[in-house]
Amino acid sequence: MNNIVVIGGDGFCGWPTSLHLSRRGYDVTIVDNLSRRRIDDDLGAQSLTPITTIEDRITAWEEVSGRTIRFEMLDVAQEFDRLVSLLAELKPEAVVHFGEQRAAPYSMRGLTEKRYTVDNNINATHNLLAAIAGLDLDTHVVHLGTMGVYGYDGDGLEIPEGYQKVKVTGDDGTEFDREILYPTNPGSVYHMTKSMDQLLFQFYAKNDRMRITDLHQGIVWGTQTPETKLDERLINRFDYDGDYGTVLNRFLMQAAVGHPLTVHGTGGQTRAFIHIRDTVKCIQLAIENPPAHGDRVVIRNQMAETLRVRDLAELVANMTGVQVAYVNNPRNEAAENDLRVSNKSFRDLGLNPMTLQDGLLEETVEIAEKYSDRYVPQTVSAGSLWTKFQKPGVVSEV
Ligand code: NAD
Ligand code: USQ
């Protein structure tokens with residue numbers, strides 16, 4: 001079986017993906033600069049679950065599975081020559097690219113974080129594409145994009161998988177049919193970098209006939225996969241802090257320690273969700289179903305279901321008895337939106353994703369409650385305000 005490089009393979013999605021692929025016989029090399037662990041230290045916000053060092057993770061995996069994963073500490077955005085040498089040596093069948101700064105609130109904290117997010121994410125993506133093109137490799141790039149590139153001002157129109165058919169009216173009234181990238185409408189500097197990534201992919205697919213899959217993923221929830229459960233040293237990370245904690249993980253953690261659930265605004269925001277177990281399956285499906293040479297970028301929507309934030313809060317509150325707090329929204333986003341999304345392409349490849357109803361209880365008991373003694377109350381508040389017009393504070397508790 002061929003080599004697979006997983007950039008960002010020490011992260012929340014990257015680690016379980018690396019194990020999933022390794023277990024299925026792929027020779028996995030993790031490339032990571034461990035920037036995420038450094039940001040944890042800077043923010044004083046560690047994973048709720050006790051993650052071990054990357055070296056210990058890899059040793060544990062070898063002991064448990066008999067399979068070897070190689071690790072290269074490398075900054076894809078900064079160390080271009082080392083990236084080129086590694087790719088020249090491995091000639092990977094695919095590179096899975098998770099290696100970006102991925103928190104919207106972190107990207108809106110201040111000028112330093114905005115600039116870091118743009119520099120890191122755009123350079124990382126472009127360096128990867130330029131390296132593969134320069135080496136003339138036949139490597140398939142599988143990138144983790146986000147549902148957020150589409151924006152959240154939906155009115156019920158089903159969001160297609162990346163491309164939109166449009167009619168353009170010329171000066172003389174003649175109508176032309178076009179298919180364009182679905183117009184992007186990012187809601188944070190982070191989401192903006194994912195929108196910019198799309199253009200980089202479009203160019204390299206066209207110019208260099210590179211095979212590229214861009215996965216527009218919804219919010220990932222859950223912690224463990226069958227592989228990360230095999231040994232406690234393999235445990236995946238679980239973030240609940242105001243920057244990196246995603247909404248459901250935050251609510252589960254808050255419920256476990258009796259903190260009122262922090263619903264932003266009215267909670268009318270509808271978002272797409274997928275469990276980490278399905279994320280890893282989707283990556284394998286994407287690797288095994290590459291585009292043909294000369295194809296445009298294949299865009300797949302990677303999500304299982306859509307939910308409104310206040311309904312999510314109600315679900316968790318009903319299960320645990322915790323209060324719900326409606327807080328001033330620190331973000332600049334639509335107060336209410338509909339969201340209908342096509343996920344036909346993964347369903348056609350056989351994905352039958354799990355839903356919140358299937359996994360919430362396990363997540364509450366086996367993660368949020370089990371590790372609640374590691375909870376640091378100071379890290380819970382969402383400190384990043386999107387604009388000077390946003391105000392912190394609780395509006396009401398129910
Ligand atoms: P994460 O922060 O846990 O992992 C990202 C990893 O990439 C970290 O280990 C980090 O050290 C590494 N990294 C960052 N910049 C790098 C660089 N320049 N060179 C080498 N390594 C670098 O994030 P995650 O939650 O695993 O997300 C992974 C990808 O999936 C991101 O691109 C994110 O945008 C996308 N995504 C995540 C979610 C989610 O809910 N977590 C949802 C949709 C899309
Ligand atoms: N929210 C609350 N209360 C909280 C936290 C969040 O009401 O305590 C709300 C937010 O205002 C937002 C929604 O929940 O309306 C989702 O927020 P989130 O932090 O869970 O997700 P988001 O910032 O969109 O980012 C996450 C990942 C990112 C990924 C994205 C997928 O961090 O990497 O790209 O989900 S998506 O949202 O589909 O674009």
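Assorted remarks:
- From most to least packed by mean Cβ count within 10 Å, the peptides 218-224, 37-43 give 218-224, 37-43.
- Cross-link pairs Lys165/Lys391; Lys91/Lys206; Lys229/Lys391; Lys281/Lys370 - those with Cα-Cα distance over 30 Å: Lys165/Lys391; Lys229/Lys391
- Size of charge dipole - region 3-397 - debye, nearest 20, with Cβ of Lys, Arg +1 and Asp, Glu -1, no other charges: 300 debye
- Here the translational diffusion coefficient of region 127-257 follows from Stokes-Einstein with Rh set to the Kirkwood radius across Cα pairs; for 10 °C and 1.306 mPa s it amounts to 87 µm²/s.
- Restricting the trypsin sites (Lys or Arg not before Pro) of region 169-224 to loop positions (DSSP other than H, G, I, E, B) with no more than 16 neighbouring Cβ atoms within 10 Å leaves Arg209.
- Value in Å of the Kirkwood radius, where the chain supplies the Cα pairs that are averaged: 21.6 Å
- Selection from Gln46, Thr59, Thr262 lying farthest towards where the dipole of region 3-397 points positive, charges on Cβ: Thr262
- Local net charge near Asp136, Cβ-Cβ under 14 Å (Lys/Arg +1, Asp/Glu -1): +1
- The chain: calculated mean residue ellipticity at 222 nm from DSSP helix runs of at least 4, using -39500 (n - 2.57): -11000 deg cm²/dmol
- Helix runs (DSSP H) in the chain reaching 30 Å along axis by Cα, Kyte-Doolittle at least -1.0: 111-135
- Under the criterion of Cα pairs below 8 Å and six or more residues apart, the relative contact order for region 3-397 equals 20 percent.
- Considering only Asn328, Gly242, Tyr26, the residue lying farthest towards the positive end of the dipole of the chain is Asn328, judged by Cα position with unit charges set on Cβ.
- Karplus 3J(HN,Hα) series, Hz, for region 386-398 with 6.51 cos²θ - 1.76 cosθ + 1.60 (x for Gly, Pro): 5, 9, 5, 7, 6, 10, x, x, 8, 8, 7, 10, 10
Where a number appears in this text, it was derived from the coordinates with a stated rule and is not lab data. No experiment lies behind these values; they were computed from the predicted model shown. When we count neighbours, we look across all protein chains shown, and the Cβ atoms used for this are built from the backbone with ideal geometry, even at glycine.
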